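The values are calculated or read from the model by the stated rules, or taken from the named source; none is laboratory data. Computed from a predicted structure; not experimentally measured. Using ideal geometry, Cβ is built from the backbone for each residue, glycine included, and neighbour counts are taken over all protein chains shown. SASA here: full protein model, heavy atoms, side chains in, ligands and nucleic acids out. Shrake-Rupley method; radii C 1.70, N 1.55, O 1.52, S 1.80 Å.
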There are 4 protein chains.
Amino acid sequence: MPETVEIGLGREARRGYHLDEVALVPTRRTRASSVVSTGWQVDAHSFELPLVAAPSDAVVSPDTAVEIERLGGLAVLNGEGLWARYADPAEALATISDPAGCPTGVLQQIYAQPVSPELLSQRAGQLRDSGVRVAVRLSPQNTVALSPAVLSTVDLLVIQGTVISAEHVAGGSAEALNLKTFIADLDIPVLVGGVTNYQTALHLMRTGAAGVIVGYGAHSGSTTHTALGIDVPMATAIADAAAARRSYLDETGGRYVHLIGYGDITSGGDIAKALVCGADAVMLGEPLALAAEAPGGGRYWDPTASHPRVPRSALVELDVDPADRPSLEELLIGPTADPSGERNLFGSLRRVMAKCGYSSVKEFQKAELIVTGR
Amino acid sequence: MPETVEIGLGREARRGYHLDEVALVPTRRTRASSVVSTGWQVDAHSFELPLVAAPSDAVVSPDTAVEIERLGGLAVLNGEGLWARYADPAEALATISDPAGCPTGVLQQIYAQPVSPELLSQRAGQLRDSGVRVAVRLSPQNTVALSPAVLSTVDLLVIQGTVISAEHVAGGSAEALNLKTFIADLDIPVLVGGVTNYQTALHLMRTGAAGVIVGYGAHSGSTTHTALGIDVPMATAIADAAAARRSYLDETGGRYVHLIGYGDITSGGDIAKALVCGADAVMLGEPLALAAEAPGGGRYWDPTASHPRVPRSALVELDVDPADRPSLEELLIGPTADPSGERNLFGSLRRVMAKCGYSSVKEFQKAELIVTGR
Amino acid sequence: MPETVEIGLGREARRGYHLDEVALVPTRRTRASSVVSTGWQVDAHSFELPLVAAPSDAVVSPDTAVEIERLGGLAVLNGEGLWARYADPAEALATISDPAGCPTGVLQQIYAQPVSPELLSQRAGQLRDSGVRVAVRLSPQNTVALSPAVLSTVDLLVIQGTVISAEHVAGGSAEALNLKTFIADLDIPVLVGGVTNYQTALHLMRTGAAGVIVGYGAHSGSTTHTALGIDVPMATAIADAAAARRSYLDETGGRYVHLIGYGDITSGGDIAKALVCGADAVMLGEPLALAAEAPGGGRYWDPTASHPRVPRSALVELDVDPADRPSLEELLIGPTADPSGERNLFGSLRRVMAKCGYSSVKEFQKAELIVTGR
Amino acid sequence: MPETVEIGLGREARRGYHLDEVALVPTRRTRASSVVSTGWQVDAHSFELPLVAAPSDAVVSPDTAVEIERLGGLAVLNGEGLWARYADPAEALATISDPAGCPTGVLQQIYAQPVSPELLSQRAGQLRDSGVRVAVRLSPQNTVALSPAVLSTVDLLVIQGTVISAEHVAGGSAEALNLKTFIADLDIPVLVGGVTNYQTALHLMRTGAAGVIVGYGAHSGSTTHTALGIDVPMATAIADAAAARRSYLDETGGRYVHLIGYGDITSGGDIAKALVCGADAVMLGEPLALAAEAPGGGRYWDPTASHPRVPRSALVELDVDPADRPSLEELLIGPTADPSGERNLFGSLRRVMAKCGYSSVKEFQKAELIVTGR
């Protein structure tokens, strides 16, 4: 039974835990880092790092996708981002990196340019030609319309909105996406999300998705909690989704759906905690925008930042001197001379797995957690 | 049973929850915003927005009342405010917006001018002539003396002090208001408050009030918690009042009393949470003082700020450049290029209702809440 | 049973609550302020306010004692303070109010001057000649030596250290004070403290004390929690002492010992909460040092600040412009134009008693408390 | 049973308490400081203070070791620190105290110089010749290789990494240290750590260690919680290790293993709380780096700060004017004119033991704790 409190007479609410409210406790024999594997495999695709780079235009471009793949991760291009809206997004990126006036207004204007299915198709092809695994994100609203442009090219399709359900009630004449029938017709793995709880996670698993994204990418600029009142305590959300995975394993007699934690993950320690809560991999946005190669030019934003009526995150100016932006390599696998835990993210992960005595990510999910007061 | 802790041997206290300690969790099928209604109906009066603009002279003037009505809300004029004390409050407003010396001293001096029943009567007439629903607020202490000036004109009467009870023990020769007999004699709906708990809410429902205001309008300048030691955790207070509403529905065989949440509501997310806790509408003061049209001129105060002996809130200088003050329209129904959640308040509400899968405010009261550590 | 948690295997600790973790909830009929009494009576002495001014040289001088009595409170002169060490403390006070170099070092030097029993005796006489109730504080260590100088003059004796017990284990040749036999030999009421828990409170009640001081006067400059690791959550400590009072009432068949709350009380709301937790009166130090008449000249310190080896509070510079320091009258009974709750302390108390519907301090101890997350 | 919460469906986590979440409550007869002993004895070695100076190059040099011994404590030289890497570490210390460019990069470069067994051997001899108890720290990884250089000289050996286990799983050809056989072969007492929980503490006790270090020295510059996600709530960790000590006492029929608390201890109050939780002594790093004699020159770092790939703490610049750095004597045994609790650390301890009524550290472990909300 989940922990509940009575917030008012007859009104119960569950207590949720954020990642920064939990910590790891090493309780087993320690292990050398060299005998630890951080590898991740989803469907036929293997990766050395349990990393999915978030479909943010500040992070994944056709160029950085190649570098992220080289370093061991999977990069997801936003199929409704600048590369699908502009033949050459350089000017748009320059404007965003140094916005005149209201930053959100600038974003809204730039993203008012419609998505071009032709450009989208070209970008997917460009990725394929680079030799990387091709992963593209579409929103649930536009998947029906835009997926034909990429289905012949992509290796993984990512269908992702801030909050998603297996069946959406559409208004008026709009055609709603039925995820179950849509996924059944595909022969490539699909990652869907974000979800925030057991029920929705289980429903999405039943659509046939290969992976479910937990969370909506909360980051330092997020205002979803003030604008919508929605907040996802990630430790709880991931653990709940892991419970859904166990239920689904049972009802299918063994179909394993991967969980990708997305939100409130800023350091190697956060990655470790997300995995221990039950994630198989993490989706990272803002932490990667720090990289010198990142197209965001020292800024971070995600699709919620440019919403035309109800923007739900700010254009974040990262707190780093341009000359001090690390390479993606330093950020992901080190070494680093920065002690913050925000660089050498997966070297840190390898080290904590060793200190806790686990040799694979799947085993590491059993590590002991402690709840702390700060 | 409510959650209680033992703060000392033999001394129990209940744990109360503020709105910022809870959050929403979408757990149902999502829904398009276009099939969501935010409408509210109290007695014979329908509104597109579940909004009552607070009787603060910084927010509701005869002019802004018209605009708030146009945008879908109900505006309440303070029957003991500047418009009832001064034939032309322009100079008083100018002094408050740029106070020389002690700001509270300035307020005390300006509000030392007595209320004129004639002026009050004229203002109510002016509102009626504008074609809006006429709502006027009187304090419990002055209701007996001042209500004759407005009863023939108002559509809704609001009897509101910081803390109110159904029966007040008066001192000396003062004549106490008996709410029950007073309301029984009226043929217009009355909103009363504020209340902070189940018992008082139930007692006020039994007076025949159409609506009960929960909370006393805590805002960024409030000092009631330090000056009086009284604090109202709004999530708990609203949920308790909702329990009183259920009890009262049962004992009356179906009389439904509306709950209006008032206090600690600063964003679209807070509005959503107040409704999910059980409110039918929210009363907003400080958030609307931001509007370019607001008479407060970039400042906010409520009746507790000008108390002659024990002032219990500060004159708040809003943190906004005069040139950036949004229109009431942007504030209430958007669109906006501000991602803070403090603009397009009801567009945000519509969106979160959709994400949670509810199509009316009454249904939305069933949404799931989570308690978070921050 | 008190609320306990297991902080480690086999190690339990109780959860204590600070005053700022609790708040009042009005749940009864409201009442006019004019029918509320804040009066307090200890032994044969009646006071209009439940106020004991703390024996801090920054607050109580022979002059301010007269003004505090006029306004309705009881002032306690520190029998080991500057007035008992210097024939004219003006220079010492001037040095403290504008210390050159290390402020604590300055205090240590000034208080290195020995206490003169003759001066102490003169000061007590001076107070008696002013027509006020004479109350003097001695430390437990010096009570045996110094009390002869004042016993013939004082109306109330206050024996007070930071932490006190009914029986002290002295070292070497020092003569320990046996409170029980000492108090039995006196025919004036004695206040003793500070205590922090049920057991010590009960033991001190059994010494025959008329009142027990709960807490050690924690204020903004206190470092007892870092220097000694001792912290007193005042809501819990007062409630526990009230439980001891009930036990002692039972075992004596009706002897009522007064509780004076001392520490973490900075506003009218804090006073109210201390009383509701079970105190009969409050001892105030730092809040009164704000007064224009206070000898501290805009600074506050108590006896722990000048300890020669282990000082346990800082010399506090109050955050107020000298020209804005209020009179003792404004501070205690108002009116005021300051909304912080830190002025008109007892006017605020009267108002919250009215809003909660209680007409005497003793009844007010039954008011409802709520624990809040902030 | 430890206190657990369900952070997600089917996923439990224990609640851990930091030292700053607990406080002491005096509940017994008070006692004069003069009848209190802070003495500590481990194996044949007696100390007036329950103090182990941490093996940080910022704190313990061959010179400060002598002064720390004179004042009553035990100093541990880092056997892999600057004195074992440089014939004259003066230049390295000067560079660290005023680093050009990235401070962690400077540390990494300076510590890239290999440890010289010959230098290490000389340093141990130098300590022995000074007449102090010789204590040297080696890391678990290098104990096999480096211990021969010091075993003939040291009085106590300290085998210490951030997280240690009784049996380490090494990779490839590296030879792992088997603590049990290693310690069995020695005839000097060994202190090992750090541990974070009951199981590892018990396992380390079974290696024959004379003492177990609890915690990894968390200090103001630590980033272990962000870099690795590991956090050790010290009150819980010490109490758990004390439970392991009870189990081990039982299974061995009376072998007592000492616990040394290391981490989050910055003041006399923290020392007291660590002892009350069950520690027999504390290991102090950062607090001693403040001393005028400290080799760190106003900076603090520990071995985790110079890690070549995953540094896990920052080079801390202490917030003190060079002219105001106290002597080790003022820091440890006072007197002081600083009220922060960070000076006269053990004079503070003596005083709180007296106020709580205990005359020895072992008895003081029974004092009452309270959990507070701040």
Going through the range A:198-213 in order, the residues found to be open to solvent by 10 Å² or more (accessible area, probe 1.4 Å) and either within 16 Å of the chain's Cα centre (by Cα) or not hydroxyl-bearing (S, T, Y) (or both) are A:Q199, A:L202, A:H203, A:R206, A:G208, A:A210
Pairs returned, first residue in the range C:177-197 that is in a loop (DSSP other than H, G, I, E, B), second residue that is of a type in the set (V, I, T), beta-carbon separation under 6 angstrom, 6 or more apart or interchain, are C:L177/C:T143; C:L177/C:V144; C:T196/C:V232; C:T196/D:V25; C:N197/D:V25; C:N197/D:T27
Result of the Cβ filter at 9 Å on the range A:89-105, keeping first residues that are under 17 Å from B:T336 (Cα atoms) and partners that are among the acidic types (D, E) and outside any loop (DSSP other than H, G, I, E, B), at least 6 apart or interchain, is A:C102/B:D324; A:P103/A:E317
* Within the range D:126-133, identify whether any single residue is facing another protein chain (nearest Cβ under 8 Å) and of a type in the set (S, T, Y), and answer yes or no. => no
Output for Cβ contacts, cut-off 6 Å, separation at least six or different chains, first residue at the interface with another protein chain (Cβ under 8 Å from one of its Cβ atoms) and at positive phi in the range A:356-373, second open to solvent by 20 Å² or more (accessible area, probe 1.4 Å) and of a type outside the set (S, T, N, Q), reads A:G357/A:R28; A:G357/A:R29; A:G357/A:R31
In the set C:A323, C:A272, C:A305, C:A292, the lone residue that is in contact with a helix residue (DSSP H, G or I) (Cβ under 9 Å, 6 or more places away or on another chain), among the aliphatic types (A, V, I, L, M) and farther than 18 Å from C:V60 by Cα is C:A272
Within the range D:153-177, residues being at pLDDT below 95 and under 26 Å from D:A75 (Cα atoms) number 7
Selection from the range D:319-359 of residues within 19 Å of the chain's Cα centre (by Cα) and within 30 Å of D:Q109 (Cα to Cα) yields D:L328
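Are any of the residues in the range A:96-115 of a type in the set (A, V, I, L, M, F, W, C), at pLDDT below 95 and over 19 Å from the mean Cα position of the chain (by Cα)?
So the first thing to find is which residues in the range A:96-115 are of a type in the set (A, V, I, L, M, F, W, C), and the list is A:96, A:100, A:102, A:106-107, A:110, A:112, A:115.
Next, only the ones that are at pLDDT below 95 stay: A:100, A:102.
Adding the requirement that they be over 19 Å from the mean Cα position of the chain (by Cα) leaves A:100, A:102.
For the range A:96-115, residues of a type in the set (A, V, I, L, M, F, W, C), at pLDDT below 95 and over 19 Å from the mean Cα position of the chain (by Cα): present.
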Restricted to the range A:324-354 and to residues being over 27 Å from D:G101 (Cβ atoms) and in contact with a strand residue (DSSP E or B) (Cβ under 7 Å, 6 or more places away or on another chain), the residue surrounded by the fewest Cβ atoms within 10 Å (Cβ to Cβ) is A:A354
Conditions (1) in a helix (DSSP H, G or I); (2) within 27 Å of A:P311 (Cα to Cα) -> A:V163 fails only (1)
Given the conditions (1) within 14 Å of chain D (Cβ to nearest Cβ); (2) more than 21 Å from A:T64 (Cβ to Cβ); (3) within 16 Å of the chain's Cα centre (by Cα), every one holds for A:D280 apart from (1)
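For the range B:1-87, which strands (runs of 3 or more DSSP E) that fit wholly inside it have 1 or more residues that are free of Cβ contacts under 8 Å to residues at least 40 places away in the same chain?
Passing ranges, in order: B:4-8, B:11-16, B:40-42, B:45-47.
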For the range C:223-258, the count of residues that are hydroxyl-bearing (S, T, Y), more than 9 Å from chain B (Cβ to nearest Cβ) and part of a helix (DSSP H, G or I) equals 5
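Would you confirm, using the coordinates I've provided, whether B:S130 is modelled with pLDDT of 95 or more, hydroxyl-bearing (S, T, Y), farther than 23 Å from B:R312 by Cα and surrounded by fewer than 19 Cβ atoms within 10 Å (Cβ to Cβ)?
yes
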Requested in this report: Within the range D:265-287, identify whether any single residue is in a loop (DSSP other than H, G, I, E, B), buried (at least 24 other Cβ atoms within 10 Å of the Cβ) and free of Cβ contacts under 8 Å to residues at least 60 places away in the same chain, and answer yes or no.
Outcome: no
Of (1) away from chain C (no Cβ under 11 Å); (2) open to solvent by 20 Å² or more (accessible area, probe 1.4 Å); (3) under 26 Å from D:T104 (Cβ atoms), D:T304 fails just (2)
| request: Evaluate the following for A:E118: is it surrounded by fewer than 19 Cβ atoms within 10 Å (Cβ to Cβ) and either of a type in the set (A, V, I, L, M, F, W, C) or within 14 Å of chain B (Cβ to nearest Cβ) (or both)? | output: no
In the range C:92-104, anything open to solvent by 20 Å² or more (accessible area, probe 1.4 Å), assigned to a helix (DSSP H, G or I) and either within 14 Å of another protein chain (Cβ to nearest Cβ) or on the phi > 0 side of the Ramachandran plot (or both) is listed as C:P103
Pairing a residue in the range D:120-134 that is more than 9 Å from D:A84 (Cβ to Cβ) and of a type in the set (V, I, T) with any residue that is in a loop (DSSP other than H, G, I, E, B) and open to solvent by 30 Å² or more (accessible area, probe 1.4 Å), where Cβ atoms lie under 6 Å and the two sit 6 or more apart in sequence or on different chains, gives D:V134/D:D155
Taking the range D:1-48 and keeping residues away from every other protein chain (no Cβ under 14 Å) and surrounded by fewer than 23 Cβ atoms within 10 Å (Cβ to Cβ) leaves D:G39, D:Q41, D:V42, D:D43, D:A44, D:H45, D:S46, D:F47, D:E48
Those residues of the range B:254-264 that are open to solvent by less than 10 Å² (accessible area, probe 1.4 Å) and closer than 11 Å to B:A281 by Cβ come to a total of 3
Among the residues of the range D:259-267, is there at least one that is within 26 Å of A:K273 (Cα to Cα), within 16 Å of the chain's Cα centre (by Cα), away from chain C (no Cβ under 14 Å) and modelled with pLDDT under 95? no
Considering only helices (runs of 4 or more DSSP H) wholly within the range C:323-374, the ones with at least 2 residues that are acidic (D, E) are C:328-333
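Output the residue which, of all residues in the range A:49-74 that are closer than 21 Å to A:S313 by Cβ and of a type in the set (A, V, I, L, M), is surrounded by the fewest Cβ atoms within 10 Å (Cβ to Cβ).
Pass one, the range A:49-74, residues closer than 21 Å to A:S313 by Cβ: A:52-61, A:64.
Narrowing the set further to residues that are of a type in the set (A, V, I, L, M) leaves A:52-54, A:58-60.
Values: A:V52: 30, A:A53: 27, A:A54: 30, A:A58: 29, A:V59: 31, A:V60: 29.
Per the criteria, the residue is A:A53.
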Of the candidates C:R312, C:R343, the one satisfying the condition of being basic (K, R) and closer than 23 Å to C:D240 by Cβ is C:R312
